[in-house]
2 protein chains.
Amino acid sequence: MTTQLLSPAELEAALKQIGAERYHSLHPFHELMYQGKLNRGQLQAWALNRYYYQCRIPAKDATLIARLPTPELRRAWRRRLHDHDGDEPNTGGIERWLRLTDGLGLDRDYVISTSGLLPITRFAVDAYVDIVRDRPILEGIASCLTELFSPTIIAERVGGMLANYDFITADTLGYFTPRLDQAPMDAEFALDYVKQHARTPEQQSAVLAVLRTNATFSGLCSTRCIWLMLNQE
Amino acid sequence: MTTQLLSPAELEAALKQIGAERYHSLHPFHELMYQGKLNRGQLQAWALNRYYYQCRIPAKDATLIARLPTPELRRAWRRRLHDHDGDEPNTGGIERWLRLTDGLGLDRDYVISTSGLLPITRFAVDAYVDIVRDRPILEGIASCLTELFSPTIIAERVGGMLANYDFITADTLGYFTPRLDQAPMDAEFALDYVKQHARTPEQQSAVLAVLRTNATFSGLCSTRCIWLMLNQE
């Protein structure tokens, strides 16, 4: 609990510290993945579960847009819908994620059905959408700040996977390339908003708490759930 | 209650019949307005109340987008966000509506505050957003079919107002010009969806019922509320 008001710079540092301490780049599953130590079935499980996160991202963003009070804010946030759903058929982040699941040999209809999903993945992703729907707008925006942390993990993941798995190509990992530009741009907008609008110790505590929660959810969606599964095998 | 299955063409005819019987183009307030029989204060009251409808349209559309299951559907519906919020500052339907309230001599901050709104307007508009949030997607989409009826009312309104009020210019009524193209395009998409997806008598009854309700709401937002007010003066 923050008891004194942080300056905007201190708040930014505290938010970034959460990534340094909690983001799933620190998780052993991430290390195994980029070091080439997972088998194809384990990578399939990761991609299949993470698909649910990808396909719910536009729902999360549209839910927030529905709550944003001005055309300016809605226009800025709308970019995310374009990024994930694309502007034409067979474009956008969801389509690119499906090329990853294709490349790993998963049936597209099976992936889209989400019938193979681990329950914990569904729980974590739905909880993220719920935050954006139910919490104050400021916290909804702060919850998206996990994007601050993603470029590092993406760079490690892509470089490592291309080097260490002979069945993975640059095309299969095409999802990640635009994210290296999109994520920092989105994170910058959200960070500016949060620094400007979290003006009391209570609001600052709330945005730090929601990012802590969401850094955990984000890990649940993409690595921790699979880790649990691997350990149960 | 529809007890037998209608063909797509019969369903379309039944939906359009609702407009012919219930849309607020039939209301005496609309006639007074385009015939030049309202004073400036009465037109201000109309524009002020109708602003709330305009400013909540993106919330309605984003709420629906959040529920739509595929990138294809979300991309198609996203066009409405662009139409209402614009692509640049000072563009889009909400901005153009504010030029109407400007032109009628209303203070922009007062309009945007919605503090002068009639309670019944707030009720009707919020009920529309609730339909799209809470009812099945099919009904949410059907509720937007009031756009089938708007080109006729717009043509009468714009022509009549320009002819009959010396304080109203084409620029003031600029909101309506793009709607003559946007509304039919949007309505066609929604109508196709409804004809394709309302496949049981129960679903067909539901889409007819929701359009009946929304044709009434739409009148509440823009004419009936003001009519009530005029009759109370």
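The values are calculated or read from the model by the stated rules, or taken from the named source; none is laboratory data. Because the structure is a prediction, the values reported are computed rather than measured. Cβ atoms come from the backbone with ideal geometry, glycine included; neighbour counts cover every protein chain shown. Protein only, heavy atoms only, side chains kept; ligands, DNA and RNA dropped before computing areas. Shrake-Rupley method; radii C 1.70, N 1.55, O 1.52, S 1.80 Å.
May I ask you to order B:139-148, B:202-211, B:116-125, A:115-124 by the average number of other C-beta atoms within 10 Å around their residues, highest value first?
Top to bottom by mean Cβ count within 10 Å: B:139-148, B:202-211, B:116-125, A:115-124.
With every protein chain left in place, what is the accessible area per residue of chain A in square angstrom, probe 1.4 Å?
Dividing the accessible area of chain A by its residue count gives 42 Å².
Taking a probe of 1.4 Å and counting only protein heavy atoms, give the total accessible area buried between chains A and B in Å², rounded to the nearest 100.
For A against B, buried area totals roughly 1600 Å².
Please find, among residues of chain B, the one with the beta carbon closest to the rotation axis relating it to chain A, distance in whole Å.
Checking which Cβ lies nearest the axis yields B:ALA62, 2.
For B:LYS16, which aspartates and glutamates qualify as cross-link partners when the Cα separation must be under 14 Å and same-chain residues fewer than eight apart are set aside?
The reachable aspartates and glutamates, counting only those whose Cα sits under 14 Å from B:LYS16, are B:GLU147, B:GLU188, B:ASP192.
Between B:MET185 and B:LEU26, what is the label-to-label distance in nm when each label sits 7 Å out along the Cα-to-Cβ direction?
Distance between the two pseudo-spin positions: 3.1 nm.
I need the calculated FRET efficiency for the pair A:THR200 and B:ALA127, taking r as the beta carbon distance and R₀ as 41 Å, to the nearest 0.05.
Taking R0 as 41 Å, the efficiency between A:THR200 and B:ALA127 is 0.75.
Kindly give the distances from B:ASP134 to its copy-mates, label point to label point, with each label point 7 Å from Cα along Cα→Cβ, as nm values to one decimal ordered shortest first.
1.8
Holding the Cα-Cα limit at 25 Å, pick out from B:LYS60/B:LYS195; A:LYS60/B:LYS195; B:LYS37/B:LYS60; A:LYS195/B:LYS60 the pairs that are longer than that.
On the way: B:LYS60/B:LYS195 21 Å; A:LYS60/B:LYS195 29 Å; B:LYS37/B:LYS60 33 Å; A:LYS195/B:LYS60 29 Å.
Beyond 25 Å between Cα atoms: A:LYS60/B:LYS195; B:LYS37/B:LYS60; A:LYS195/B:LYS60.
Share of the protein assembly as shown's accessible area from carbon and sulfur, percent, 1.4 Å? Could you put the intermediate results ahead of the total?
Working: 10200 of 19490 Å².
That fraction is 52 percent.
A drop of at least 20 square angstrom in accessible area, chain alone versus all protein chains together, probe 1.4 Å. Which residues of segment B:51-82 meet that?
Output list: B:ALA59, B:ALA62, B:ILE65, B:ALA66, B:PRO71, B:ARG74, B:ARG75, B:ARG78, B:LEU81, B:HIS82.
List the distances, in nm and shortest first, from the label point of B:GLN35 to the matching label points in every other copy, placing each point 7 Å from Cα along the Cα-to-Cβ direction.
8.4
B:ASP192 to A:GLN4: FRET efficiency via 1/(1 + (r/R0)^6), r the Cβ-Cβ distance, R0 45 Å, to the nearest 0.05?
My answer for the efficiency is 0.20.
How far, in nm to one decimal, is A:THR91 from itself in the other copies if the label point is set 7 angstrom along Cα toward Cβ? Shortest first, please.
The answer, with the shortest distance listed first, is 1.7 nm.
I need the peptides A:30-43, B:38-51 ranked by packing, meaning the mean over residues of other C-beta atoms within 10 angstrom, with the highest value on top.
Ranking the peptides A:30-43, B:38-51 by packing returns B:38-51, A:30-43.
Applying 1/(1 + (r/R0)^6) with R0 = 45 Å to the Cβ-Cβ distance of A:LYS16 and B:GLU72, what FRET efficiency is obtained, to the nearest 0.05?
0.75
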